[in-house]
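**Q** Please find one structure pasted underneath; my questions will follow.
The values are calculated or read from the model by the stated rules, or taken from the named source; none is laboratory data. Quick caveat: nothing in here was measured; it's all calculated off a predicted structure. A quick note on method: Cβ atoms are made from the backbone with ideal geometry, for glycine too, and the neighbour counts reach across all protein chains shown. Just so you know, the surface numbers come from the protein's heavy atoms only, side chains and all, with ligands and any DNA or RNA stripped out. Shrake-Rupley method; radii C 1.70, N 1.55, O 1.52, S 1.80 Å.
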Amino acid sequence: MIAPRRVLRDVFPYQPGKSIASVQRELGLKSVVKLASNENPLGPSPKAMAAYRKAEKLNGLYPEGTSPELRAALARFHQVEPESVIVGNGSDEIIRLLCEAFLDPEDEVVVSQHGFIRFKQQASMMGARVIEVPMTDWTHDLPLMAKATSPRTKLVFVANPNNPTGTYNTQEEVAQLLAAAPKTALVVLDEAYFQYAAAIPGYPKSLPELVREHDNLVVMRTFSKAYGLAGLRVGYGVADPELTGWLDRIRMPFNVNLPAQYACLEALKDGAFVKRAVAVNDAQRASVARGLGDMGFGVGESATNFVFARSPIPGRELFKALLRQGVIVRPLDEYGLPHHIRVSIGTSAQNKALFAALKKVLAGRKVEA
Ligand SMILES: Cc1ncc(COP(=O)(O)O)c(C=O)c1O
């Protein structure tokens, strides 16, 4: 057998949330509710889908590689120049591009202990040294992360708000990190859940302000969450044009497919849809958090479209039992949190299904203190 690169021996694949189709196949269930990947339970904006269908007749053609119309629209939206925007196959691709563009083996990458796991996976693939900094109250400890940087640090990853803990860092904390980190280190603010956190007083105003002030900052956003377009795979980064130029140079030639580019252009205009998605999420999240609390879960504050909860029984056991009831949640063993689960916020009907399943699963079980 041909040996892969040595660093790949320590790389473990990302475990995505279980799909509805796989649960239907494996357990023979008809109706399955998925609350495992922080998707928008309302689905996509109808206006975005109309644009997607309109693009059908162009599917025989290659898309334009730089996604120029979407890039220009994002630039207007964020009041930056188009060259500051790099569009990717999900923000996941931007994470990959950052690691491929900036990490030599043995370079250092600073992440947070229970921060979004893709950061350390991708950095390890490049042979970089990943430094994991403990959290404080399930929140990134940015002063400690700043302290962990050195002249060898190339990337500092901060998901804000964070997946899976649902917590966020303030404008002041982020500003202090930017002031304290070496200018030779690139700070990556992953704002996948931005729309759910934007109204919280103190949540950072990263675009365009912070990116204009710091040429060692990248802000990432995605169409996968509040815009409801996870299946189309579109995310983007905003940074100094010199920096995005490196990412543009190494991306796949046609990384974002053509109907996805059209759909996202319309999605960006449909602010009313995003507003409704956030309002539904706010109301449902409060009720899910209350309901879980009443059933003995320890539920943290969330600035996102999911809740992070300590389960009264081991997380994987609960996950498996809920699967048999047709409800998919996310166990967090891969984050080193065997007693926690992450539950995406669904529609009112989906959340009712969650609680009906939980009642059945937890009835009569010996619950740990
Ligand atoms: C913090 C964070 N960043 C990035 C992503 C990847 O999103 P995308 O669908 O844009 O690749 C996710 C998805 O769950 C996420 O939670």
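**Q** Could you check region 118-138 and list, in sequence order, the residues that are assigned to a strand (DSSP E or B) and in contact with a strand residue (DSSP E or B) (Cβ under 9 Å, 6 or more places away or on another chain)?
**A** Taking region 118-138 as the starting set, the residues that turn out to be assigned to a strand (DSSP E or B) are 129-133, 136.
129, 130, 131, 132, 133, listed by residue number.
**Q** Then there is this: Could you give every pair whose Cβ atoms fall below 6 Å, whose first residue belongs to region 89-113 and is on the phi > 0 side of the Ramachandran plot, and whose second residue is open to solvent by less than 50 Å² (accessible area, probe 1.4 Å), counting only separations of at least 6 or pairs across chains?
**A** 90/235
**Q** Which one is farthest from residue 104 (Cα to Cα), of the residues in region 133-159 that are open to solvent by less than 10 Å² (accessible area, probe 1.4 Å) and in contact (Cβ under 8 Å) with a residue 40 or more places away in the chain?
**A** 159
**Q** Being among the basic types (Lys, Arg) and touching a Lys or Arg at 6+ places or on another chain (Cβ under 8 Å) narrows it down to one residue among 276, 330; which is it?
**A** After ruling out the rest, the residue left standing is 330.
**Q** While we're here: Limited to region 170-199, what total is found for residues that are part of a loop (DSSP other than H, G, I, E, B), away from the ligand (no atom under 13 Å from the Cβ) and open to solvent by less than 10 Å² (accessible area, probe 1.4 Å)?
**A** 2
**Q** Now for a different question. Take region 152-166 and flag every residue that is within 25 Å of residue 199 (Cβ to Cβ), out of contact with any His (no Cβ under 7 Å at 6 or more places or on another chain) and more than 9 Å from the ligand (Cβ to nearest atom).
**A** Answer for region 152-166, where residues must be within 25 Å of residue 199 (Cβ to Cβ), out of contact with any His (no Cβ under 7 Å at 6 or more places or on another chain) and more than 9 Å from the ligand (Cβ to nearest atom): 157, 166.
**Q** Restricting to region 72-109, name every residue that is part of a helix (DSSP H, G or I) and within 16 Å of the ligand (Cβ to nearest atom).
**A** Residues of region 72-109 that are part of a helix (DSSP H, G or I), as a first pass: 72-78, 82-84, 91-102.
74, 91, 92, 93, 94, 95, 96, 97, 98, 99, 100 - these are the residues of region 72-109 that are part of a helix (DSSP H, G or I) and within 16 Å of the ligand (Cβ to nearest atom).
**Q** Further, regarding this structure: Quickly run through region 99-124 and pick out the residues that are small (Gly, Ala, Ser) and under 16 Å from residue 141 (Cα atoms). Can you show your working first?
**A** Our first condition is that a residue be small (Gly, Ala, Ser); within region 99-124, this holds for 101, 112, 115, 123-124.
Listed by number, the residues that qualify are 112, 115.
**Q** Only one of these is open to solvent by less than 50 Å² (accessible area, probe 1.4 Å), outside any loop (DSSP other than H, G, I, E, B) and either within 22 Å of residue 193 (Cα to Cα) or of a type in the set (Lys, Arg) (or both): 256, 274. Name it.
**A** Step by step, each of 256, 274 is checked, and only 274 is open to solvent by less than 50 Å² (accessible area, probe 1.4 Å), outside any loop (DSSP other than H, G, I, E, B) and either within 22 Å of residue 193 (Cα to Cα) or of a type in the set (Lys, Arg) (or both).
**Q** Restricting attention to region 312-321, does a residue exist that is aromatic (Phe, Trp, Tyr) and crowded, with 24+ Cβ neighbours inside 10 Å?
**A** No, because not a single residue in region 312-321 is aromatic (Phe, Trp, Tyr) and crowded, with 24+ Cβ neighbours inside 10 Å.
**Q** If you don't mind, there's one more thing I want to ask. If residue 35 satisfies all but one of (1) within 14 Å of the ligand (Cβ to nearest atom); (2) within 30 Å of residue 249 (Cα to Cα), what's the number of the condition it fails?
**A** (2)
**Q** Look through region 243-253, keep the residues that are in contact with a helix residue (DSSP H, G or I) (Cβ under 9 Å, 6 or more places away or on another chain) and more than 15 Å from the ligand (Cβ to nearest atom), and return whichever of them is most open to solvent (accessible area, probe 1.4 Å).
**A** Per the stated criteria, the residue is 249.
**Q** Considering every residue within region 26-38, establish whether at least one is out of contact with any strand residue (DSSP E or B) (no Cβ under 8 Å at 6 or more places or on another chain), under 25 Å from residue 237 (Cβ atoms), touching a residue at least 24 places away in the same chain (Cβ under 8 Å) and not β-branched (Val, Ile, Thr). So that I can check it myself, show each step before the final result.
**A** Of all residues in region 26-38, those out of contact with any strand residue (DSSP E or B) (no Cβ under 8 Å at 6 or more places or on another chain) come to 26-31.
Still in the list and also under 25 Å from residue 237 (Cβ atoms): none.
No, that holds for no residue.
**Q** How many residues are outside any loop (DSSP other than H, G, I, E, B), near the ligand (Cβ under 9 Å from one of its atoms) and not basic (Lys, Arg) when one looks only at region 211-231?
**A** Counting residues in region 211-231 that are outside any loop (DSSP other than H, G, I, E, B), near the ligand (Cβ under 9 Å from one of its atoms) and not basic (Lys, Arg) gives 3.
**Q** Could you tell me which numbered condition residue 309 fails, if it satisfies all but one of (1) surrounded by fewer than 19 Cβ atoms within 10 Å (Cβ to Cβ); (2) touching a residue at least 12 places away in the same chain (Cβ under 8 Å)?
**A** Of (1) surrounded by fewer than 19 Cβ atoms within 10 Å (Cβ to Cβ); (2) touching a residue at least 12 places away in the same chain (Cβ under 8 Å), only one is false for residue 309: (1).
**Q** While we're looking at this one, here's another question. Please work out if residue 57 is within 30 Å of residue 206 (Cβ to Cβ) and either at pLDDT 95 or above or not acidic (Asp, Glu) (or both).
**A** So residue 57 fails the test.
**Q** Could you figure out which of (1) under 24 Å from residue 68 (Cβ atoms); (2) touching a Phe, Trp or Tyr at 6+ places or on another chain (Cβ under 6 Å); (3) within 14 Å of the ligand (Cβ to nearest atom) isn't true of residue 259?
**A** (3)
**Q** For region 232-242, what are the residues that are more than 15 Å from the ligand (Cβ to nearest atom) and assigned to a helix (DSSP H, G or I)? Outline the logic, then answer.
**A** So the first thing to find is which residues in region 232-242 are more than 15 Å from the ligand (Cβ to nearest atom), and the list is 239-242.
Those that are more than 15 Å from the ligand (Cβ to nearest atom) and assigned to a helix (DSSP H, G or I): 241, 242.
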